[in-house]
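Everything below concerns the one structure shown next.
The values are calculated or read from the model by the stated rules, or taken from the named source; none is laboratory data. Every value quoted in this text rests on a predicted model; they were computed, and no experiment measured them. When we count neighbours, we look across all protein chains shown, and the Cβ atoms used for this are built from the backbone with ideal geometry, even at glycine. Accessible surface is based on the protein model in full, side chains and every heavy atom, while ligands, DNA and RNA are left aside. Shrake-Rupley method; radii C 1.70, N 1.55, O 1.52, S 1.80 Å.
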Amino acid sequence: MDEVKIGIIGGSGLYKMEGLKEIKLLKVSTPFGSPSDEIVIGEIEGERIAFLPRHGRGHRVLPGEVNSLANIYALKSLGVERIIGVSAVGSLKGELRPLDIVIPDQLFDHTKGRPHTFFGNGIVVHIEFADPYCPDLNKFLIEICITLGYRVHSKGVYVCIEGPQFSTRAESQVFRRLGMDIIGMTNMPEAKLAREAEICYSTIAIVTDYDVWHAKSSDVTVDLVIKNLLEGVKKAKEIIKMLVPLVRNKKRECKCATALKDAIITNPKLISEERKRQLNLIIGRYIK
């Protein structure tokens, strides 16, 4: 089967893509275990894409249980060069209203103990991660949102918490004072691992609520999140449909595509053959 260049990681509420002409379901095995679910290889606007539900079909996997190592590796193994994640988020700013779309440009990692790198165990790699989302991919997403007439915010800081509980009032207020814009549970370590795998990564963040800081808004509840999320997911699907033909023939000129160049610190002679084999998909262009 031909390589698939575009991957979609669906978050809460996005378990399938209407209009996706399904070609096959793939059960992919990786050195890091199994992905969240089978990967759907399908076609949108004449372009093959790979769709993976982050929490599994039927929403069986907690945010902290998502095997991002396996998810990113599996998509990489199919030839994916660009990943668009879809995430439900809470707003930490009054101007970011429920049902708005945010295309974040920054991340703050507040997770606890999630495996966050392909490396270690005899191989040291320090990637550049100052700009965690692909600026080129972000630009496409923003332009599409404007074309579609959606209320979109072209930047923002996404703070990723461990969950699965929502924030306390104290946490919500602290994150606001620190300058965070939106809050979610899934973009880390997904974004870090995508960069290590030299895959462009961006997120369509759907604002579902005001977390628990807003005095005049109801506190965040599952019912509220799901209600607004289902509306937001419709927008995300339209964005993705427009994105696919735009990037199909676009050469990647961003730093994401060569993130490992000069980032592998360990002397190749000291890396075990077992580790080289395990990570060949990721480091093979630099280390044989």
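Miscellaneous remarks
- Among the conditions (1) surrounded by fewer than 18 Cβ atoms within 10 Å (Cβ to Cβ); (2) polar (S, T, N, Q); (3) in contact with a Lys or Arg (Cβ under 6 Å, 6 or more places away or on another chain), S36 misses just one, which is (1).
- Pick from the range 206-221, criterion β-branched (V, I, T) and assigned to a loop (DSSP other than H, G, I, E, B), ranking: modelled with the highest pLDDT: V212
- Any hit, the range 231-238, residues being more than 14 Å from the chain's Cα centre (by Cα), open to solvent by 20 Å² or more (accessible area, probe 1.4 Å), of a type outside the set (K, R) and closer than 26 Å to P53 by Cβ: yes
- All conditions in (1) under 30 Å from R177 (Cβ atoms); (2) part of a strand (DSSP E or B); (3) open to solvent by 10 Å² or more (accessible area, probe 1.4 Å) hold for R48, with the sole exception of (1).
- For the range 84-101, the criterion of being among the polar types (S, T, N, Q) and closer than 30 Å to N249 by Cα is met by at least one residue.
- When P104, P98 are checked against the criterion of being within 20 Å of Y210 (Cβ to Cβ) and modelled with pLDDT of 95 or more, P104 stands alone in meeting it.
- Check on E95, of a type in the set (D, E) and more than 24 Å from E196 (Cβ to Cβ): yes
- Inter-residue pairs, beta-carbon under 7 Å, first under 11 Å from G90 (Cβ atoms) and of a type in the set (F, W, Y) and in the range 174-189, second buried (at least 24 other Cβ atoms within 10 Å of the Cβ) and modelled with pLDDT of 95 or more, 6+ apart: F175/L92; F175/V159; F175/I183
- Per-region count, the range 99-146, residues without any contact (Cβ under 8 Å) to a residue 60 or more places away in the chain and of a type in the set (A, V, I, L, M, F, W, C): 3
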